[in-house]
Amino acid sequence: GTDYDNMRDSIARQRRACFKGERNGRSKLTTEQVADIRKRYRPGHIRLVDLATEFHICVSQVSAIVRGERWREWNEFPEAL
């Protein structure tokens, strides 16, 4: 088959690697932790730096998570992949 045929076949048989969210071996957070960060962050109540310290990640990563730039919706519903 062609490359296109092989790609479709690998997707259909779920043989294609998925490196999104906590399925990525380098991920430091679980989906539950990300949800907790989003739930707990409220300006004026808890600082980004406090969440970053608690979860052992950098402040810029926490900021990207609460803005929705990292760990988008597909990570919150991994069964939809």
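The values are calculated or read from the model by the stated rules, or taken from the named source; none is laboratory data. What you see is a predicted model, and the numbers here were worked out from it, not measured in a lab. Cβ placement follows ideal geometry from the backbone for every residue including glycine, while neighbour counts extend to all protein chains displayed. All accessible areas refer to the heavy atoms of the entire protein, side chains included, with ligands and DNA or RNA removed. Shrake-Rupley method; radii C 1.70, N 1.55, O 1.52, S 1.80 Å.
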ask   = Helix-derived [θ] at 222 nm for the chain: sum -39500 (n - 2.57) over DSSP H runs of at least 4, divide by residue count, nearest 500?
value = -13500 deg cm²/dmol
query = For all pairs of alpha-carbon atoms in the stretch 14-53, what percent lies in each bin of width 5 Å, listed from the first bin to the last filled one?
reply = 5, 20, 22, 18, 14, 9, 6, 4, 2, 0
query = Which of ALA35, THR2, LEU48 sits closest to the plus end of the dipole of the chain, meaning its Cα is farthest towards the positive end, when Lys and Arg get +1 and Asp and Glu get -1 on the C-beta?
reply = LEU48
request  = Take the solvent-accessible surface of the protein heavy atoms, probe 1.4 Å, and return the percent of it on the stretch 1-41 that carbon and sulfur atoms account for.
outcome  = 46 percent
request  = Taking semi-axes √(5λ) of the Cα gyration tensor in Å as the quantity of interest, determine which of (1) 34, 11, 10; (2) 43, 12, 7; (3) 18, 16, 12 was computed from the displayed structure.
outcome  = (1)
inquiry  = Using a Gaussian network model on the chain with a 10 Å cutoff between Cα atoms, which of ARG47, ARG23, ARG15 fluctuates the most?
reply    = ARG15
key: Accessible area per residue in Å² at 1.4 Å probe, computed on the chain   = 78 Å²
